[in-house]
Amino acid sequence: MVCIICGFGQAPDQGMYLLRASIIDVGNNNFNFHRAKANYFAYGIDFTDSKATSRFSNGKNAADFLAEKLGLPSPKPYLSFINKADIDDELLKGVNYASGGAGILNSTYKGYCIPFDKQVNYFSEVVRVISRQIGPEKTEKHIGAKISLRIRRRRLQFDPEKYVSELINTLRQQFKDICNLGAHKFIIRSTGAQGRMPILRSKTETGACDEDANALAMLCNKKLASLMEELNSEYHNFCYSFFNMYNAYGGRN
Ligand SMILES: *[C@@H]1O[C@H](CO)[C@@H](O)[C@H](O)[C@H]1NC(C)=O
């Protein structure tokens, strides 16, 4: 997940911009895609009417909780704005671009979700619209962004070192694109112990963890941490915090 939060100033200039995957998707996948959807029981079971809201969650998700903590409304899905005549005021309140299934690469769940690169393009279009509306200086303040992200692995035959390098190289460019739009404060959430996911454990003979997946996750996290250091020294106003999800989920066996 990449989540960009902007504008901690006074209303009406605050908004939150969220990108990437299912943990913060509030319904984009419901608009265009037919398979990666969360619009049926038991999703949403803990919402007031027990209705599925297209969140991949029993109730509120990380985007909603984050918004709540900041005293903001949870931003609407980007695709809900399409074809609406007057969206300018809404855009300033924030936009959620996240799409369940999206990874760093276009090939991740291709056809099921909005790839990250496309989300960044959507974000840049919205930054342009906002800039026309409130001017470049205010826009820069408004987009003083925070980002967090998660890397997921792709299940294919591959060389782990090469694959992780490809992911990180792609991510480097995506970060630069986002930085060049004015974002510079980031919260990074690393990947967790993927080998502990039930779907992978069900494929091992004894139901044990998939150690290859865990090793890959650790490699990703190490390279992700180095990438953040690299970006930190390259961009003078870059700042970030790094949350190691692997350890938080008890990834150490
Ligand atoms: C994803 O596809 C777009 C459009 O074809 C392309 O511009 C972009 O470079 C691709 N991104 C990656 C990470 O391959």
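Miscellaneous remarks
- The stretch between Arg128 and Glu68, if pulled fully straight at 0.36 nm per residue, gains 18.9 nm over its current Cα-Cα span.
- For Lys223, the aspartates and glutamates whose Cα falls under 14 Å of its own Cα, not counting residues fewer than eight places away in the same chain, are Glu161, Glu166.
- Full-stretch length increase - Ala208, Glu166 - with 0.36 nm per residue and alpha-carbon distance subtracted: 12.3 nm
- Counted by Cβ distance under 13 Å from Lys37, the other residues give a net charge of +1, where Lys and Arg count +1 and Asp and Glu count -1.
- The distance separating the Cα centre of segment 104-135 from that of segment 154-204 comes to 18 Å.
- Listed residue (Phe41, Phe242, Leu227) projecting farthest to the positive dipole end of segment 4-248, Cβ model: Phe41
- Overall, the anisotropy analysis places segment 4-248 in the oblate class: the square-rooted eigenvalues a ≥ b ≥ c of its C-alpha gyration tensor yield a/c not less than 1.5, with a/b not exceeding b/c.
- Set Lys185/Lys222; Lys60/Lys222; Lys141/Lys176; Lys110/Lys176; Lys118/Lys185 screened for pairs whose C-alpha atoms are more than 25 Å apart: Lys60/Lys222
- Global geometry of segment 207-253, whether rounded, prolate or oblate, following the gyration tensor of its Cα atoms and the 1.5 cut on a/c: prolate
- One decimal place: the segment Glu137-Ile199 gains 17.6 nm when fully extended, by the rule 0.36 nm per residue minus the C-alpha distance.
- Three-way shape label, segment 170-245, alpha-carbon gyration tensor, a/c 1.5: prolate
Read-outs: derived from the displayed coordinates by stated rules, not from any lab. Values in this document were obtained by computation on a predicted structure and should not be read as measured data. Virtual Cβ from ideal backbone geometry, glycine too; neighbours counted across all protein chains shown.
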